[in-house]
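The values are calculated or read from the model by the stated rules, or taken from the named source; none is laboratory data. Just so you know, these numbers come straight off a predicted model, no measurement behind them. Virtual Cβ from ideal backbone geometry, glycine too; neighbours counted across all protein chains shown. Ligands, DNA and RNA are excluded from the accessible area calculation, which covers all protein heavy atoms including side chains. Shrake-Rupley method; radii C 1.70, N 1.55, O 1.52, S 1.80 Å.
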Amino acid sequence: MVKYFCNKTDIKSTWDHVVSAFWQRYPNPFSTHVLTEDVVYREVTADHLLLSRRLLMKTNRLPRWAERFFPSGMSRSVYIIEDSIVDPINRRLTTYTWNLNHTKVMSVEERCVFQDSAEQPAATQLKREAWISSSIFGFSKPIQEFGLARFKSNQKKAMKGLEYALSNLQGETPQRLLRDTMKDASEKAKEAAKTLASAAPQKPQQYV
């Protein structure tokens, strides 16, 4: 059984600005759990689509009851693959993300579509979907419930982070806060790097 989440919202900004902010949303004070981001693949197709794949490293604090599912010494950092397609003709940005490790404990797949609004001028429609599953026998349901609750909390922070990036593009974000956030993320990345056991496993190329 898989937990499903769907949310729709209107972003009060043009699609062009939203796409620009999407690429510049890290670091921000609402997503300090995102430690690193790296572009591993990028291509412009013959029909003018921009395909990108990024590898992100995140960390989330676990509740005490979840510690039993993680062997002692196992890295708590999570590797995330983010595939994206920018369609400038139809003015649509589609992203698909999933975690590479800890998938037996919890697998989270997310799909987001940022679409230029045909109904509201200078607005962008966002549809966010998520599928959360667990393979831990006897505990999959509570783990999925926990994952769903955390995902809802994180997606609210993600929206605030995107709004922060939009404000920063317009020169409204305090630069001191941005510098402090970058310093904090850098320090967390260095600390997490010391505990990484191995590189992320490979997965066949996949686009939405």
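For the stretch 8-22, indicate whether the set of residues that are under 12 Å from the mean Cα position of the chain (by Cα), open to solvent by less than 50 Å² (accessible area, probe 1.4 Å) and touching a residue at least 60 places away in the same chain (Cβ under 8 Å) is non-empty.
Restricting attention to the stretch 8-22, the residues satisfying the condition of being under 12 Å from the mean Cα position of the chain (by Cα) are 22.
Applying the additional criterion that residues be open to solvent by less than 50 Å² (accessible area, probe 1.4 Å) yields 22.
Then drop every residue that is not touching a residue at least 60 places away in the same chain (Cβ under 8 Å), which leaves 22.
Yes: one or more hits.
As an exercise: evaluate ARG176 against (1) under 27 Å from ASP83 (Cβ atoms); (2) modelled with pLDDT under 50; (3) of a type outside the set (Val, Ile, Thr) and give the number of the one condition it does not meet.
Against the list (1) under 27 Å from ASP83 (Cβ atoms); (2) modelled with pLDDT under 50; (3) of a type outside the set (Val, Ile, Thr), ARG176 comes up short only on (1).
Quick test for you: out of GLY161, GLY171, pick the one residue that is modelled with pLDDT of 90 or more and of a type outside the set (Asp, Glu). Even if it seems obvious, please write down each step before you answer.
Details: GLY171 fails: modelled with pLDDT of 90 or more.
Among GLY161, GLY171, only GLY161 is modelled with pLDDT of 90 or more and of a type outside the set (Asp, Glu).
I need the full set of residues from the stretch 124-141 which are modelled with pLDDT under 95 and surrounded by fewer than 17 Cβ atoms within 10 Å (Cβ to Cβ), in order please. Outline the logic, then answer.
Initial filter on the stretch 124-141 (modelled with pLDDT under 95): 134-141.
Selection gives SER135, ILE136, PHE137, GLY138, PHE139, LYS141.
For the stretch 34-43, name all the residues that are open to solvent by 40 Å² or more (accessible area, probe 1.4 Å) and either under 14 Å from the mean Cα position of the chain (by Cα) or not basic (Lys, Arg) (or both). Walk me through how you get there before you give the answer.
Taking the stretch 34-43 as the starting set, the residues that turn out to be open to solvent by 40 Å² or more (accessible area, probe 1.4 Å) are 36-43.
If the condition is that a residue be open to solvent by 40 Å² or more (accessible area, probe 1.4 Å) and either under 14 Å from the mean Cα position of the chain (by Cα) or not basic (Lys, Arg) (or both), then THR36, GLU37, ASP38, VAL39, VAL40, TYR41, GLU43 are the ones that fit.
What strands (runs of 3 or more DSSP E) completely inside the stretch 40-117 contain at least 3 residues that are at pLDDT 95 or above, among the hydroxyl-bearing types (Ser, Thr, Tyr) and under 23 Å from GLU129 (Cβ atoms)? Before the answer, list the steps.
On the way: elements: 50-59, 77-87, 92-99, 107-116.
So the answer is 92-99.
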